[in-house]
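Some notes on the structure that comes next.
The values are calculated or read from the model by the stated rules, or taken from the named source; none is laboratory data. These numbers were taken from a predicted model, which means no experiment stands behind them. Note: ideal-geometry Cβ built from the backbone for every residue, glycine included; neighbour counts use all protein chains shown. Ligands, DNA and RNA are excluded from the accessible area calculation, which covers all protein heavy atoms including side chains. Shrake-Rupley method; radii C 1.70, N 1.55, O 1.52, S 1.80 Å.
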Amino acid sequence: MTPTGPGLTPLAHGITDFNFLAGPWNVHHRRRPSPLEPGSPWVEWSGRHRGEIFFDGAVSVDETELAEPGERGLAFRTFDVASGLWSIYWVVSRDGRLQLPPVTGRFVDGVGTFHAVEMMGGREVGVRFTWSAITPTSAVWRQAFSLDGGTSWDDNWVMTFTR
């Protein structure tokens with residue numbers, strides 16, 4: 001059944017793509033603290049994650065524990081019914097600033113791929129988020145950066161979700 005409601009059309013394909021994230025999760029993080037240095041060492045930690053769904057699936061919000069004690073990250077996702085694209089925003093409790101631009105994209109054949117271009121360290125960096133291996137009890141999220149306009153990508157953060 002396709003969700004409908006105020007402002008939603010029955011053709012809003014993709015609107016429930018992030019419903020799998022609702023509820024509590026355990027997350028194992030593997031991250032490079034120096035993400036602009038391909039091949040730099042990884043740090044690992046485990047934490048909790050909790051997701052909520054709003055507007056019949058058109059908004060997904062979740063909070064995850066980060067490596068520093070007491071530090072949290074918040075993802076805020078919105079679905080544009082007209083374009084069928086998701087926009088994903090990120091906020092870290094350390095500074096409370098909404099990081100722009102959002103990554104945008106969609107799910108195709110069970111894999112969500114989202115892109116943006118950001119300025120980091122004085123250079124243009126391609127950003128890619130990927131959601132894959134999604135089941136009711138597991139999922140994998142990856143963040144990768146490209147320093148060459150998208151020709152090659154280097155993973156710098158992997159989160160493995162389990163319940």
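Each residue of the range 107-123 was assigned a 3J(HN,Hα) from its phi angle through the Karplus curve 6.51 cos²θ - 1.76 cosθ + 1.60 (θ = phi - 60°); the sequence is 8, 9, 6, x, 10, x, 10, 9, 10, 7, 10, 10, 8, 9, x, x, 9 Hz, with glycine and proline shown as x.
Treating each Cα of the range 96-163 as an identical point scatterer and summing with the Debye formula, the log10 of I(q)/I(0) at q = 0.19, 0.26 Å⁻¹ comes to -0.81, -1.19.
Counting charges near residue 39 (Lys, Arg +1; Asp, Glu -1) among other residues having Cβ under 10 Å from its Cβ returns a value of -1. Given +1 at the Cβ of Lys and Arg, -1 at the Cβ of Asp and Glu and no other charges, the dipole of the range 5-163 around its Cα centre is 180 debye to the nearest 20. Taking packing as the residue-averaged number of other Cβ atoms within 10 angstrom, the listed peptides 36-49, 85-98 run from highest to lowest as 85-98, 36-49. Heavy-atom accessible surface of the chain, averaged per residue, reaches 54 Å², computed with a 1.4 Å probe. For GluC sites (Glu not before Pro), no site in the range 58-122 is both called loop by DSSP and has at most 10 other Cβ atoms within 10 Å. Projected onto planes of every orientation and averaged, the convex hull of the alpha-carbon atoms in the range 29-93 covers 5.8 nm². At full extension, residue 140 and residue 108 could sit 10.0 nm farther apart than now, given 0.36 nm per residue minus the alpha carbon distance.
Among the protein heavy atoms of the range 67-130, carbon and sulfur supply 53% of the accessible surface, probe 1.4 Å, non-protein parts ignored.
Percent relative contact order of the range 5-163, based on C-alpha pairs within less than 8 angstrom and at least six residues apart? Mind dumping the intermediate values first?
Working: 360 pairs, mean separation 29.4, N = 159.
Relative contact order comes out at 18 percent.
Compactness of the chain, taken as the C-alpha radius of gyration over 2.2 N^0.38 Å, stands at 1.04.
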